[in-house]
1. Report in % the part of the accessible area of the range 68-147 that belongs to carbon and sulfur, leaving out ligands and nucleic acids; probe 1.4 Å.
2. For the chain, list log₁₀ I(q)/I(0) at each q in 0.17 Å⁻¹, using the Debye formula over Cα point scatterers of equal strength and ignoring solvent, two decimals each.
3. Got the relative contact order for the chain handy, in percent, Cα pairs under 8 Å and 6 or more residues apart?
4. For the residue pair Glu118 and Asp100, what label-to-label distance in nm results when each label sits 7 Å from Cα along the Cα-to-beta-carbon direction?
5. Run the quick spin-label model on Gln140 and Thr71: label points 7 Å from Cα toward the beta carbon, then report their separation in nm to one decimal.
6. If I compute solvent accessible area with a 1.4 Å probe over the protein chains, what percent of it on the range 23-65 is carbon and sulfur?
7. Please compute the length gained on full extension between Val24 and His54, using 0.36 nm multiplied by the number of residues separating them and subtracting their Cα-Cα distance.
8. Can you give the net charge of the other residues whose Cβ lies under 15 Å from the Cβ of Trp129, counting K and R as +1 and D and E as -1?
Amino acid sequence: MTTTGTDVTGPLPDDWTLPRLGRVNTEWFTSGKLLVQTCNQCGTRQHPPEEICHHCGSMDLGHTELGPNGTVHSFTVAHYAVNRALADAVPYAVVLVTLDDDPSIRIIGNVLDADPGEVHIGMPVTATWVERTDENGSVQLIQWVSR
Ligand SMILES: [Zn+2]
């Protein structure tokens, strides 16, 4: 298969959709807040939200709102659009951000106000939310801006 900058075929289907909301992820994708899943039995925080606590196995889970500031822990720059929806976005940086309130929590996103070449490890960022809508409804996707 030949790939070029305009070849946008790839592993994601053309009908790629937003995350489906369910019992464990609705708060994360609709609150517009940093509501990190927290175990009500042992206090462990985890992300992304899951059915059980990865530390003690409890299914008694709640949320803790953490502050919006974080630091770029790692990143990569995508030059190839794996889906037609991303054809106009490349090149773009995908960042892994650790939260200042709890560095064990790492969240993936993009830095909206920085060119891919400006993104670097240790870059201070703050969370923002972008509303996305498809035929199934709307979600608030966490993103990052430099600070
Ligand atoms: Zn637990």
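1. Its accessible area is 51 percent carbon and sulfur atoms.
2. Debye intensities relative to I(0), on a log10 scale: -1.06.
3. Over the chain, the number comes to 23 percent.
4. Each label point lies 7 Å from its Cα, and together they span 1.9 nm.
5. A separation of 2.7 nm, rounded to one decimal place.
6. Its accessible area is 46 percent carbon and sulfur atoms.
7. Once the chain is fully extended between Val24 and His54, it gains 9.4 nm.
8. Counting the neighbours of Trp129, the net charge comes to -2.
The values are calculated or read from the model by the stated rules, or taken from the named source; none is laboratory data. These numbers come from a predicted model, not from an experiment. Don't worry about glycine lacking a Cβ; one is built from the backbone with ideal geometry, like all the others, and counts go over all protein chains shown. Ligands, DNA and RNA are excluded from the accessible area calculation, which covers all protein heavy atoms including side chains. Shrake-Rupley method; radii C 1.70, N 1.55, O 1.52, S 1.80 Å.
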